[in-house]
Amino acid sequence: MLELADLHAHYGRAHILQGVTLTAREGEVLALLGRNGAGKSTTMKAIMGLVRPSGGAVRFRGEEVKGREPFEIARRGIGYVPEERRIFAELTVMENLEVGRMPAWEGQAAWTAERIFALFPSLGAMRARPGGRMSGGEQQMLTIGRTLMGNPRLILLDEPSEGLAPVIIERMAEAILALKREGLTVLLSEQNLHFARLVSDRACVLEKGAIRWEGAMAELDDETRAQYLSV
């Protein structure tokens, strides 16, 4: 579904991504783990074209998308849920969802508002509520719902559990597992190892802009965790 090959990215003279190589398979949840500043968010922004890669390849369903504009990449079937959420505070829940609407792919069941409300029932009870009057957890659900309305084949989730209460984190985990059952591929950037373990099939561990470990989530050992993930 997604392949990054020797991906490099810079912020000015700072060399942030230093040869990231990974593959996300169709229908799996792949966790991108690492401490703050490891390059997780930059990797996602480079995939979406929000940061221009300075080298390497980004292939989606076999097509090179590096160098394309973000809207072109989104139209090919990649959805992006940024860490900052970026909902429209003045628009209602329904209006926020409608902003994200795009046609479904052939053979794909289209995401509708009712399907979003089945995934996140609490949103269904606040259809007319402005986004700016929602809690952080509700805004996170709305951001994911708005992205799903674009009918992506791959969704990038950047730190979806950050700042959320434990009960909301559990609901978020249930929703991601439901998306996996729908056949969606998920690339998940996370620092919360417990959350990542609940939902992920495999993991890639980033440190200083490079992959230091890759394997099944169940095989992530204490030594690797202590070396690259502990604070």
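Could you line up 220, 7 from fewest to most neighbouring Cβ atoms inside 10 Å?
Least to most surrounded, the residues fall as 220, 7.
Return 201, 221, 158 ranked ascending by Cβ neighbour count within 10 Å, so the fewest neighbours appear first.
Numbers: 201 16, 221 10, 158 21.
Least crowded to most crowded, the residues run 221, 201, 158.
May I have the extent of the alpha carbons of region 87-157 along their three principal axes, as whole Å values ordered from largest to smallest?
36, 21, 17
Figure the gain on full extension for residue 14 and residue 71 (residue separation times 0.36 nm, minus the Cα-Cα span) and round it to one decimal in nm.
Details: separation 57, 0.36 × 57 = 20.52 nm, distance 2.61 nm.
Residue separation times 0.36 nm, minus the Cα-Cα distance, leaves 17.9 nm.
Quick check on region 100-231: of the DSSP beta bridges with both residues there, what percent are antiparallel, nearest 5%?
The antiparallel fraction comes to roughly 55 percent.
Two decimals, Cα atoms only, Kirkwood Rh: what is Rg/Rh over region 69-108?
1.01
Which of these, 24, 57, 128, has the largest mean-square fluctuation under a Gaussian network model of the chain (Cα springs below 10 Å)?
Answer for the Gaussian network model of the chain: 128.
Report the dimensions of region 179-231 along its three principal axes from the alpha-carbon atoms, largest first, rounded to Å.
Reported extents, whole Å, longest axis first: 35, 21, 18.
Using every alpha carbon pair in region 1-146, what percent of pairs falls into each 10 Å bin from 0 up to the bin containing the largest distance?
Bins of 10 Å from zero give 10, 34, 32, 20, 3 percent of pairs.
For region 116-231, taking Cα atoms only, what is the radius of gyration to one decimal and the Dmax to the nearest whole Å?
Rg then Dmax for region 116-231, in Å: 15.5, 49.
Out of all DSSP beta bridges in the chain, what portion is antiparallel? Express it as a percent rounded to 5.
Antiparallel bridges: around 55 percent, rounded to the nearest 5.
If R0 is 25 Å, what FRET efficiency do you get for residue 170 and residue 36 from their C-beta distance, rounded to 0.05? Don't skip to the answer; put the middle values down first.
Values: r = 24 Å, r/R0 = 0.95.
Computed FRET efficiency for residue 170 and residue 36 comes out at 0.55.
For residue 192 and residue 108, calculate 0.36 nm times their separation in residues minus their Cα-Cα distance, and state this gained length in nm to one decimal.
27.1 nm
Please compute the net charge surrounding residue 45, taking Lys and Arg as +1 and Asp and Glu as -1 over other residues with Cβ under 14 Å from its Cβ.
Net charge around residue 45: 0.
How large is the Kirkwood hydrodynamic radius of region 15-87, in angstrom, based on all distinct alpha carbon pairs?
13.2
Listing 54, 230, 41 from the residue with the fewest other Cβ atoms within 10 Å to the one with the most, what is the order?
Fewest-to-most ranking of 54, 230, 41: 230, 54, 41.
Values quoted throughout were computed directly from the atomic coordinates according to the rules given, and no laboratory measurement underlies them. Not measured: the values here are computed from a predicted model. Virtual Cβ from ideal backbone geometry, glycine too; neighbours counted across all protein chains shown.
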